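Notes for the one structure printed next.
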Amino acid sequence: MYDYNNFDESFVRNRVAQFREQVGRRISGALTEDEFKPLRLMNGVYLQLHAYMLRVAIPYGSLNPNQMRQLAMIGERWDKGYGHWTTRQNIQYNWPRLSDIPDMLDALADVGMHAIQTSGNTIRNVTADHFAGAAADEVEDPRPTAELLRQWSTDHPEFQFLPRKFKLAVTGSKADRAVTKAHDIGIRIVKNAAGEIGYQILVGGGLGRTPVVGQVLKDFLPREDLLPYVEAVVSVYNTLGRRDNKYKARIKITTMENGIEAIHDLVEARFAQLRPLFSGVDQEHFANIAADFKAPEFKTASLDGYHAARDADPIFRSWSDTNVDDHRADGYGIVTISMKAHGATPGDASADQMRVLADLAEEFGHGDIRISHEQNVIFPHVHRSDLPAIFAALRAHGMATANAGLISDIIACPGMDYCALATARSIPVAQEIAERFDALKIEHDIGHLQIKISGCINACGHHHLGHIGILGLDRAGVENYQITLGGDAGPDTVIGKRAGPGFAYDQIVPAIERLVHAYLELREDEGETFIDAYRRLGEAPFKAALYPEEDKTNAA
Amino acid sequence: MPRPFSPKVVTANDLIEGDVIYMARNGSWVRDMCMAWLIEDEAEANTQLARATDEPGIAVGPYLADAAAGPTGPIPTHFREAFRATGPSNRFHGKQTQQSAPEAVANV
């Protein structure tokens, strides 16, 4: 993993000291809220419904055990004993006092972490595939590229006041677990015909009120051109992007209004100006960063104990089938630790759970921990012989739910339980769906099915990309939930289609249940997933299940 | 014809805690909605909001929220204000951990 050098360390410390002074001036009355708000947002501090919220960046979702322990300590000392993993690989604390936040930031700086650029109209936390460095299908580990982009974008003087926020994601796999097509710039590490590694650059993707799938801006960019090229894209956006209308300010709208060809030409022209300014120092630096991400020394060990445990314990077998993916190294697996126990808040981890995760990663996981945009924790490198021990420890702390990729592995934004922007709740809907299907005991029979829930049109819960998406709205003072069908967060990225009228809060879980029972009736066999059945059959039979009364009326 | 004025409370978030606060009849800030001042006159509501906006040392982002008269004081009429008056529904945190809060939204 990358460790802060002296430059990073002093930059972050100075920023904390500066923010401490700013908080002091706000509390003394020297700064008004209007003056203070942009300063606090630059440091990840929001004011939500019930309290302040501190959003801490976890660059490309990577944590070491000491950082995880510090996150636990911070949650315990200054919050209510827990933290919340977000859909952009961050952690949020929901209850800090304003006067404590500088101390929290100092504690983060102690472990090489910060909250800078987790808000505001800047380049946000750079995200990446949570299976980075472990996936069998990987061209290259995306983390060194993501780290280079993190360093380039942090405090970049030209990009602190963009028209709107700007999100980058990097993947090194065809499977694209980083949802690059739903980002302002998506970066895919690819190999060309000559066998050289470079980047495919996607632009103009995003969810929110106007969901757009990103388009290819450059099919193959040589590695050494990355920073000047990305700088050219952001620079063109900074000039062209609309500052007159917040809802038209993202680069997806800039791209739609101007056309991808025009954007391409402007970027090429700007790139021609910028390229000579990059002397190659960035590439020397990249080589140093890449050395920090070298793979651990993989061990060899007997798998007898693992197989014996699978034979002896059906619960372990189910978990290791569902939550362990293939690893590129023999005998290893990638473990998805579910932060979605049935009935729990998706993505919440208590301080105790965080400490258990830190200890387990240290003992069994080569000290490497990831946070996925799906709000789970990943141990990327675990030898299968260690799985029974990990499973036992996770089970003792409520983290052994065998549901990765299943119907209860729901992405849910904080919704109106916390967020000031929300129009309805998300978390209780996720809780009730998970509890209902757990009670029915059909979750494993249903198989792979992604439900994603947002509590407002801004789509932090990625509802557009759910096989079943749920959007919570305020309809005449009552919570109302719209369903979208057929979305997919995979490499092709499909925006779901709205099924029809929304459902009241107490009707949304029964509606989902009708939909799922319809799928079970309609599927060809157990191997056909919900999304495959939907693609084969189209929306009609699923809409009929959602709106049975209407169906009867039409028939009559 | 203009719509009749519906009663309001002045509400904001506390500067240090971030907790939801309400203006009481004596102009002080209280944490329980049932102790808030239910203002039935539009001009008075606007005057008090202006006064709150002038007090940036305590209240952040003051605004007027619709409310109705309940058995022990004002109660919210919209679910967003009901959540603000109680706390999150997924965890027993926030105002609901204090005694008087749940009653204040019993009829919502």
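Where a number appears in this text, it was derived from the coordinates with a stated rule and is not lab data. None of the values given here were measured: they were computed from a predicted structure. As a convention, Cβ positions derive from the backbone with ideal geometry for all residues, glycine included, and neighbour counts pool all protein chains shown.
A few points about this structure:
- Farthest toward the positive end of the dipole of the protein assembly as shown, out of A:Ala459, A:Tyr237, A:Ile369, is the Cα of A:Tyr237, where the dipole comes from beta carbon charges about the Cα centre.
- Distance from the alpha carbon centroid of region B:60-88 to that of region A:361-380 works out to 42 angstrom.
- For A:Leu202, net neighbour charge (Lys/Arg +1, Asp/Glu -1) across residues whose Cβ lies under 13 Å away: +1
- In terms of packing, defined here as the mean over residues of other Cβ atoms within 10 angstrom, the peptides A:100-110, A:353-363 line up highest first as A:353-363, A:100-110.
- Shape call, region A:1-97: gyration tensor on alpha carbons, a/c limit 1.5: oblate
- The spacing between region A:284-302 and region A:137-159, judged by their C-alpha centroids, is 17 Å.
- Cα gyration tensor shape for region A:443-556, rounded if a/c is under 1.5, else prolate or oblate: oblate
- Once the mean of 1/r is taken over each pair of separate Cα atoms and inverted, the protein assembly as shown shows a Kirkwood hydrodynamic radius of 26.2 Å.
- Among B:Gly87, B:Gly57, B:Gly27, the largest mean-square fluctuation in a Gaussian network model of chain B, built with springs joining Cα atoms closer than 10 Å, belongs to B:Gly57.
- Proxy reagent accessibility, fewest Cβ within 10 Å first, across A:Phe36, A:Phe161, A:Phe298: A:Phe161, A:Phe298, A:Phe36
- Arranged from fewest to most other beta-carbon atoms within 10 Å of their beta carbon, A:Ile253, A:Ile378, A:Ile390 become A:Ile253, A:Ile390, A:Ile378.
- Cα gyration tensor shape for region A:304-396, rounded if a/c is under 1.5, else prolate or oblate: prolate
- Net +/- balance of residues flanking B:Met23 in space, Cβ distance below 13 Å, scoring K and R +1, D and E -1: -1
- No Cys partner within the rule (Cβ under 4.7 Å), chain A: A:Cys419, A:Cys456
- Modelled label reach - A:Leu240, point 7 Å along Cα→Cβ, region A:184-216 residues with backbone N closer than 17 Å: A:184-186, A:201-206, A:212-216
- Percentage relative contact order, region A:198-333, counting C-alpha pairs under 8 Å, at least six apart: 17
- Restricting attention to the protein assembly as shown, close to 85% of DSSP beta bridges with both partner residues there are antiparallel.
- Residue of B:Glu42, B:Glu17, B:Glu81 that the Gaussian network model of chain B assigns the largest fluctuation, springs spanning Cα pairs under 10 Å: B:Glu17
- Relative exposure of A:Thr423, A:Thr239, judged by other C-beta atoms within 10 Å (fewest first): A:Thr239, A:Thr423
- Candidates B:Pro62, B:Pro88, B:Pro74: whichever shows maximal mean-square fluctuation once chain B is modelled as a Gaussian network with Cα springs under 10 Å: B:Pro88
- Over 24 Å (Cα to Cα) - which of A:Lys252/A:Lys497; A:Lys174/A:Lys248; A:Lys340/A:Lys441; A:Lys181/A:Lys294; A:Lys37/A:Lys165 fall in this group: A:Lys174/A:Lys248; A:Lys181/A:Lys294
- Shielding by other protein chains, B:11-22, mean Cβ within 10 Å: 5
- Charge dipole of chain A (Cα centre as origin; +1 on each Lys and Arg Cβ, -1 on each Asp and Glu Cβ, all else neutral): 1680 debye, rounded to the nearest 20.
- Summed side-chain charge close to A:Asp352 - residues other than A:Asp352 whose Cβ falls under 15 Å, Lys, Arg +1, Asp, Glu -1: +1
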